[in-house]
Amino acid sequence: MTKPYMFEKPLGLRDTLPQAHRISYELKDLFYKEMNQWGYDFIKTPALEFAETVGKASAIDDHQLFKFIDRQGIPVVLRPDMTTPIARVVGSELKEAVLPLRLAYTSALYRAQKSEGGHPSEFEQVGAELIGDATPEADAEIISLMVKLFEIVGLDPIRIVIGHVGFVDAFIRDLVFDEEDVHTLRELLYMKNDVGFRELVAQLDIPQQNKTDLNQFIDTRSLDIDKTLQFMEHHPCSDYYQEVNNFMHLLKAYGLLEKIDLDLTLVPHLDYYTGFVFEGYGGKIGFSLASGGRYNDLLKQFNRPAPATGFGIRLDRLIESLPMEAFPDEPEKVAVVYELDTIQEALEYANQKRKEGIRVVLQNAKSIQNERAFQEQFKTVKSFIKTGGLSI
Amino acid sequence: MTDYITIAMPKGRIFYDACHLLREAGFDLPNEFETTRKLILTIENSNFRFILAKPVDVATYVEYGVADIGIAGKDVILESQRNVYEMLDLGISACRMAVAGLPSRKQQSSVTKVATKYPKIATEYFKKQGKQVDIISLNGSIELAPLIGLSDYIVDIVSTGQTLRENGLVELTKIMEITSRLIVNPVSYRLKKKSIDYIIEKLKPIVEVTGVGMD
């Protein structure tokens, strides 16, 4: 093994320096207050979970997991998502808690990713889960909470793309008879490979009308909400048209409609989703900022079957996508310099200022190596020195 | 506000085909477009900006969103596995990914060695054939490898086959057809949907005509 340089960190991991830390702390603080006001309770779960339980249920690719053996010889993973640990908690520690349950978190997640920039292995996610409510009103609440969080930090523009994995499955199964082809078409949607989708459709042994329908399905991505709904109406797949139509009306009531794109072709990467799914976009970066959706089968795996929906926002990406103006300058610090004889007055002065809400650094003059460099860090330096030097 | 659309164009082989296609679609590309050495080109009185990139990098610019859309070969898209929409088969710069080698060759070592610029595509292909091979990554002049005994086979794109012939190599198996694709950044697509759909609608009819008789 090559010996790392002293400054190096393992692949994909980052330090958070004061400025970045302050920004992320402020965002989390805003989010915490907002979600609290919506009645969501915050919880924390351990960084390590068993590979066999949470690791498996999280539906993250095996090669993306940090997996190792704990001291008892049991395979464990660094948590790759928060939804699954929360499902575990709801099925165990909180199994007596009354449903519906509203939970929230801010947590670091771990996924072994590409060694390339912009894909860290450890990143913070802020999210909420609404458990035990199967109604579309619950989905609408989750989406509107997510949009609210985007708004309070000044993200602009905001686009929310909504799809429905239940519809996608039913629609394709209706037209394509071979289960493996259905799976491949779904995979191509997830890969965003329209060309591949159309190529496979052309090769399939199905009636021409079905092929036309499948191609039109891809084309619906460029349609507005009304036209997309019309497409659904003309291709009846059980009750999905009604469900999606009602949901759009609901989002209108929430005042969200102008931020919404209805995209029936949306297939997210986590496959525990069962109903409405969504992704959040905005600001100035090329990656999606948030994702979420309904997962009605996950809690069953933790012995407490319950419908649920939730979202997660990638904090690192959100910070990158916000305009610089969104982050006010740090309140400046005041330095109070003292020597042994004046420590009493200096302390009193510093404490008084701190009470007033001012950031105060109390510094013994003896330890200042470079007076000028020291002074430059502060808005003002209050000197309690009687014998020359730092006489400001 | 009109959206500014940045389009990543591949320099080299595909570039002329791509320019031709865009002109046909009604884009008013200036004449010096093909000869300039500038890397960023804007068209006056339009909201289009073009960046000229190495073909293998086009998908990278698009994935990170610094270019909204791009024109990239299927070979590059497969090899780089970027999270972008592959929206249109432009049908241009058609060629094929193929396995080639010397016409008759005894394999000396117990493992088959394959030299290529496309390690992912090559690995994937041989895996599907149930073969485990050693991949040797090269950056160009792949045809050299079997000639001087670096590898048993090569995996590379072939258009006319002239380079292979001149070097005494033969095409053994076609892996897949390659054409250029229109790729789109997922966020750009959401935030600049109107402009991007407009471009796609302009390209679609032309592409469908060129696409006829491709195979």
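Brief remarks follow.
- Ranked by solvent-accessible area (1.4 Å probe, protein heavy atoms only, all chains present), the residues A:96, B:86 order from largest to smallest as A:96, B:86.
- Taking amide H atoms as placed 1.01 Å from N in the peptide plane, the amide H of residue B:138 lies under 5 Å from those of B:116, B:117, each 5 or more residues away in sequence or on another chain.
- Result for chain A in a Gaussian network model with C-alpha springs under 10 Å: among A:307, A:18, A:80, the largest mean-square fluctuation is at A:18.
- Computed from backbone phi, the HN-Hα couplings of region B:32-42 come to 6, 3, 7, 9, 5, 9, 5, 9, 10, 10, 10 Hz, rounded to whole numbers (Karplus: 6.51 cos²θ - 1.76 cosθ + 1.60, θ = phi - 60°; Gly and Pro given as x).
- Loop sites in region B:28-70: GluC sites (Glu not before Pro), DSSP, at most 10 other Cβ within 10 Å: B:44
- Where both bridge residues fall in the protein assembly as shown, DSSP classifies roughly 65% of the beta bridges as antiparallel.
- Computed with a 1.4 angstrom probe on protein heavy atoms, the A-B interface buries about 2000 square angstrom of accessible area in total.
- With the simple spin-label model, which puts each label point 7 Å out from Cα in the Cβ direction, the residue A:354 to residue A:206 separation comes to 6.9 nm.
- For chain A, relative contact order (Cα pairs under 8 Å, six or more residues apart, normalised by length) works out to 17 percent.
- Entries in A:284/B:202; A:9/A:379; A:192/B:11; A:227/B:202 that, when Cα-Cα distance is taken, lie over 31 Å: A:9/A:379
- Couplings for region B:140-157, taken from phi via the Karplus curve 6.51 cos²θ - 1.76 cosθ + 1.60 with θ = phi - 60°, read x, 6, 4, 4, 4, 3, x, 5, 9, x, 6, 9, 7, 9, 10, 10, 7, 7 Hz in order; Gly and Pro are left as x.
- Only protein heavy atoms count here; under a 1.4 Å probe, residue A:79 has an accessible surface of about 20 Å².
- Sites residue B:56 and residue A:239, calculated FRET efficiency, Cβ-Cβ separation with R0 30 Å, nearest 0.05: 0.05
- Per residue, the solvent-accessible area of chain B (1.4 Å probe, heavy atoms of protein chains only, all protein chains present) comes to 51 Å².
- For region A:18-326, carbon and sulfur atoms together expose 50% of the accessible surface, with a 1.4 angstrom probe and every protein chain in place.
- Taking θ as phi - 60° and the Karplus parameters 6.51, -1.76 and 1.60, the scalar couplings of region A:277-291 work out to 10, 8, 9, x, 10, x, x, 10, 10, x, 10, 5, 9, 8, 8 Hz in sequence order, x denoting glycine and proline.
- Amide H contacts of residue A:361: A:334, A:335, A:336, each under 5 Å away and 5 or more positions distant or on a separate chain (H built 1.01 Å from N in the peptide plane; Pro and chain starts excluded).
- What the Cβ-Cβ distance of residue A:19 and residue B:47 gives, at R0 = 56 Å and to the nearest 0.05, is a FRET efficiency of 0.95.
- Working from label points 7 Å from Cα in the Cα-to-Cβ sense, the residue B:198 to residue B:37 distance is 3.4 nm.
- Most mobile listed residue (A:203, A:37, A:301) in chain A, GNM with C-alpha springs under 10 Å: A:203
- From the alpha carbon centroid of region A:114-174 to that of region A:260-311 is 5 Å.
- Test item: A:190-197 mean partner chain Cβ contacts at 10 Å: 6
- Under 20 Å from residue B:127, Cα to Cα: aspartates and glutamates that are on another chain or at least 8 residues apart: A:61, A:62, A:180, A:187, B:75, B:79, B:152, B:156, B:171, B:177
- Charge context of residue A:352, other residues only, Cβ under 14 angstrom, K/R +1, D/E -1: +2
- At R0 = 30 Å, FRET efficiency that the Cβ-Cβ distance of residue A:340 and residue A:379 yields, to 0.05: 0.70
- Note on residue A:11: accessible area is roughly 110 Å² with a 1.4 Å probe, heavy atoms of protein only.
- Other protein chain C-beta atoms within 10 Å of residue C-beta, averaged over A:279-285: 3.
- Inter-chain Cβ neighbour count for B:62-68, averaged per residue, equals 3 (cutoff 10 Å, partner chain atoms only).
- Residue A:237 accessible area, assembled protein chains, probe 1.4 Å, Å²: 10 Å²
- In chain B, the longest principal axis of the Cα atoms and the axis of helix B:193-211 are about 50 degrees apart.
The values are calculated or read from the model by the stated rules, or taken from the named source; none is laboratory data. Just so you know, these numbers come straight off a predicted model, no measurement behind them. Quick reminder, even Gly has a Cβ in these numbers, built from the backbone with ideal geometry, and neighbours come from all protein chains shown. With ligands, DNA and RNA removed, areas are computed over all heavy atoms of the protein, side chains included. Shrake-Rupley method; radii C 1.70, N 1.55, O 1.52, S 1.80 Å.
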